[in-house]
Amino acid sequence: MCGIVAYVGHHDAFPILIKGLQRLEYRGYDSAGVAMLSNGEINLYKKKGKVSDLLEFTKDKDVTGNIGIGHTRWATHGPPNDVNAHPHFSENKKLAIIHNGIIENYASLKAELIKRGHHFESETDTEVLIHLIEDIQEKTGKDLFEAVRIALGEVIGAYAIVILSKDDPHTLIAAKKSSPMVIGIGEDDFYIASDATPIIEYTKNVVYLEDEEIARIDLKDGLKLKTIKNEKIEPYIQELELQLEAIEKGGYDHFMLKEIYEQPRSVQDCMRGRLNIRKGTVALGGIKDYENKILNANRIIIVACGTSWHAGLVGEYLFEDLARIPVEVEYASEFRYRNPIINENDVVIAISQSGETADTIAALELAKSKGATILGVCNVVGSTISRITDAGVYTHAGPEIGVASTKAFTAQVTVLCLMALRLGHLKGVINESDFHRLLIELSSVPEKIENVLENAEYIKEVSAKYKDVSNFLYLGRGYNFPVALEGALKLKEISYIHAEGYPAAEMKHGPIALIDEDMPVIVIATKKGNYEKVVSNIQEVKARNGKVIAIVTKGDETVKKMADYVIEIPEIVEPWSPLLTVIPLQLVSYYIAVMRGCNVDQPRNLAKSVTVE
Ligand code: M6R
C-alpha cells in the first residue's frame, strides 16, 4: 500500500519520480505528490487522484531539481484529498517526508507535539512523524540522520520513509520497518523505491533495506547504513534479475489482460528446472531440506489472504488427496488474532504474491514464535515473507502489476501441485505409474491454457450478454470449489458486480432462493470430480429459470443441452483442473469490467500490496 520513490543525482529528478510513481501506482492511487529541492527551496506539489492528475497540476510549476521524493497513496489515516496527500512538511518546512505504512501511536505523539507548539495541516500519521523528527533535531541539536534514528525508536508501527531536507541538496535519509524498500545504486546517482520497478531501467545494482535499518544516501559519501540501535551495517549489493519488458504492457490494453495471456509462459517458468519428464522427477530445491519435516508434520496450516487464500484451498485438496497430509487453510487475518493451537510439529505455509501482506507476515511471525516450521510460496524475490521464512518456493510468475491477481494464482497452484506430487510420491501414496501420468499431465498444462485462451473471442461474446446484471453466482465442487470463489472475487473486485462463490451442493441450503431469470450462474462442470452431481445442480438452477454458463470438458454434450452457454476446456486430470478452469473466469471478469467502463488495472478502493492490517 502506497508507493514511494526518490532520487538524488545529476539528472532532473521530476521525470524520474513521475515515471517511478506511474510504475508504483498499482500500490495505491488515492493521491500523488512530489517534492524537489531546487535553489535552496523545496517545491512540493500534491493532488488527490492519479499520477496523471498530479502531472496536469504541475504543468506550469517549477519542477526543477536533481533531488526529490514522490508518493502515491492508498489512504489509511484521513480521507483521500489534497491535504492528506504526501509528501508532508515539518513545522518549519525544512523537511519533507514520504511514508508507506502506519504509525500506530501517532495520536499520543501528536498530542505531545501540539503541546510543544506544533501545528498540523493533515489528518495523517505521517505528518506527525516528520514533526517529531524536526522536534528531536531542534531539542538535541543532532544531525538529521541521528534525529530520524531517535524518532524511529519512539514510534510503534510500520514504515518505509524517505526524508528530503532543505539544508542538504545532496542527501536523502531513508528507513524501513515492515514495509518494503529498495535502494538502486547508479553510476553517480541513487534511486529509492517501494519495489524495483522504478529503478530497473537505470541500474541493476540494488540493496534491499532490512527492518529497522536507516540509510544515509549521499552523493559524495555514498550509501551508509545503521540500525535503529546504532549498529553499523555493510550494504549488501545484489543484482536485479527483473527485465524492463516484464513491467510494461507490451501492446495489451491492460496489465490484467497481458498477465492472463502470460499464463502459459508463467506456469512453464514455475515448473522449469523442477519438473523433469525425461528423468521422471519433481525437485523443489527451496524446500528440499524440509521435506521430511513436512512428511512427518502433524498437519500443514496454510495462511494467506484473498486470491492467495483461494490457492491455499486448492492446496488443501492437493495435499490431502495426493499426499495424505492433513491441511488447514486459514485467513491470515483471523489466524493471527484467534489464539490458534500451534506447535513445533506443525508446518505453516504462507502463500503470497507480494510477500508483503501485513496479515500474512503477522500470522507467520506468530507461528514462528510457537516453534512451527514456517515456509513461503511467494512471487516477489527478496520480499519480506521470502526472507523471514525458514525455506520456500518461488512462483516465478514475473511481476504482476494488475491489482486483480491472475498469473500469480496459477503459479501458486502450480507450486502446490508440484509439492503435493513430490510429497505424495516420496510418501508412497502415489505409485510409480500414477506419478508418471500426473507428471506428464502437469507438463501439458501450459499448452492447454493456450487452448483455453484461443477461445477468448467466444468468452467475450458470452460475457457481453451479462455485462449489465447486478449479481452473479459461481458454483464448483471439490478441487473447483476454490475456483468458484476465485471467479467470484475476480468479478467483484474489477467490475463491482456482486458475486458469490459456493460449493455447488450448498446452493440448496440457501442461495437457491436467489435464482431467477436475472441471475447468471457460472458452474464449473468438468468431467470427473462429482460431475454427475454438478449436472444435477445445473438442473436445479435451470428448473428455476436461472441462466447457466458452464465450464465443461471439451466434447461434453450432456451439459451443452442444459446450459445457456458452455465454455470448453481441454481434458485434464482432476487435481490439475483448477489451472485450466480459472482461465475463462478471469477472462469473463476482465471483459465484463472493460464493457462496464471500469478501471481494470486499478479498481476503486484497492491496492496491489496490502501492507496494513
Ligand atoms: O500479495 P498477496 O498474494 O499476499 O495478496 C493477497 C491479496 O491481497 C490479493 O490476492 C488480493 O485478494 C487480489 N487483489 C485478488 O485479486
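Taking the C-alpha atoms only, the angle from helix 106-115 to the longest principal axis of the chain is near 20 degrees.
For residue 31, the residues 5 or more places off, or on other chains, whose built amide H falls under 5 Å of its own are 49, 73.
Magnitude of the charge dipole for the chain, about its Cα centre and with charges confined to Cβ atoms of Lys, Arg (+1) and Asp, Glu (-1), is about 860 debye. Packing, as the average of other Cβ atoms within 10 Å across residues, places the peptides 113-123, 411-421, 342-352 in the order 411-421, 342-352, 113-123, highest first.
Relative contact order of the chain: 12 percent, from C-alpha pairs under 8 Å at least 6 residues apart in sequence.
Here the convex hull built on the C-alpha positions of region 205-288 has a volume of 191 cubic angstrom per residue. Measuring spread by the Cα atoms of region 448-516 yields a radius of gyration and Dmax of 13.2, 37 Å. The phi-based Karplus calculation (6.51 cos²θ - 1.76 cosθ + 1.60; θ = phi - 60°) puts the 3J(HN,Hα) values of region 94-100 at 8, 10, 10, 10, 10, 8, 10 Hz, whole numbers, x for Gly and Pro. Placing pseudo-labels 7 Å out from each Cα toward the beta carbon at residue 467 and residue 514 gives an inter-label distance of 2.3 nm. Loop-located chymotrypsin sites (Phe, Trp or Tyr not before Pro) across region 214-255 with a Cβ neighbour count of 15 or fewer within 10 Å are 236, 252, with loop assigned by DSSP. On the principal axes of its alpha carbon atoms, region 223-381 extends 52, 49, 33 Å, with the longest extent given first.
The aspartates and glutamates whose alpha-carbon is closer than 13 Å to the alpha-carbon of residue 528, local same-chain residues fewer than 8 away aside, are 556, 571, 574. Calculated FRET efficiency, residue 426 to residue 82, Cβ-Cβ distance, R0 = 45 Å: about 0.15 to the nearest 0.05. Cα-based values for region 159-302, radius of gyration first and Dmax second, are 20.5, 64 Å. In the chain, the DSSP beta bridges split such that about 60 percent are antiparallel, to the nearest 5.
The mean of 1/r over all distinct Cα pairs in region 453-601, once inverted, gives the Kirkwood hydrodynamic radius of 14.9 Å.
Relative to its residue count, region 271-361 spans a Cα convex hull of 117 Å³ per residue.
Taking 37 °C and 0.692 mPa s as conditions, the chain diffuses translationally at an estimated 129 µm²/s according to Stokes-Einstein applied to its Kirkwood radius (Cα pairs). Averaging Cα coordinates gives a centre for region 185-237 and one for region 72-106; these two points are 22 Å apart.
Mind checking region 294-370 for chymotrypsin sites (Phe, Trp or Tyr not before Pro) that DSSP puts in a loop (not H, G, I, E or B) and that have at most 16 other Cβ atoms within 10 Å? Loop-located and lightly packed - 337.
A DSSP coil position with no more than 13 other Cβ atoms inside 10 Å describes the following GluC sites (Glu not before Pro) in region 439-488: 454.
Applying the Kirkwood pairwise sum to the alpha-carbon positions of region 347-471 produces a hydrodynamic radius of 17.1 angstrom.
Past 29 Å, Cα to Cα: identify those pairs from 48/465; 465/554; 204/226; 59/115; 279/370; 59/258, in the order given. As for pairs spanning more than 29 Å Cα to Cα, those are 48/465; 59/115; 279/370; 59/258. Starting from one equal scatterer on each C-alpha and no solvent at all, send me the Debye-based log10 I(q)/I(0) for region 403-501 at q = 0.20, 0.24, 0.25 Å⁻¹, two decimals. Per q value, in the given order, log10 I(q)/I(0) is -1.15, -1.36, -1.39.
Calculated FRET efficiency, residue 368 to residue 433, Cβ-Cβ distance, R0 = 35 Å: about 0.30 to the nearest 0.05.
Note on region 65-173: Kirkwood hydrodynamic radius from all Cα pairs is 13.9 Å, rounded to one decimal. Across region 325-367 the C-alpha pair distances fall into 10 Å bins from zero in the proportions 27, 60, 13 percent.
Summary of packing: across the peptides 241-249, 504-512, 523-531, the per-residue average of other C-beta atoms within 10 Å ranks them, highest first, as 523-531, 504-512, 241-249.
Computed from the coordinates by the stated procedures, all read-outs in this text should not be read as laboratory data. Predicted model, so just to flag it, every value in this text is computed and none were measured. So basically every Cβ, Gly included, is an ideal-geometry build from the backbone, and we count neighbours across all protein chains shown.
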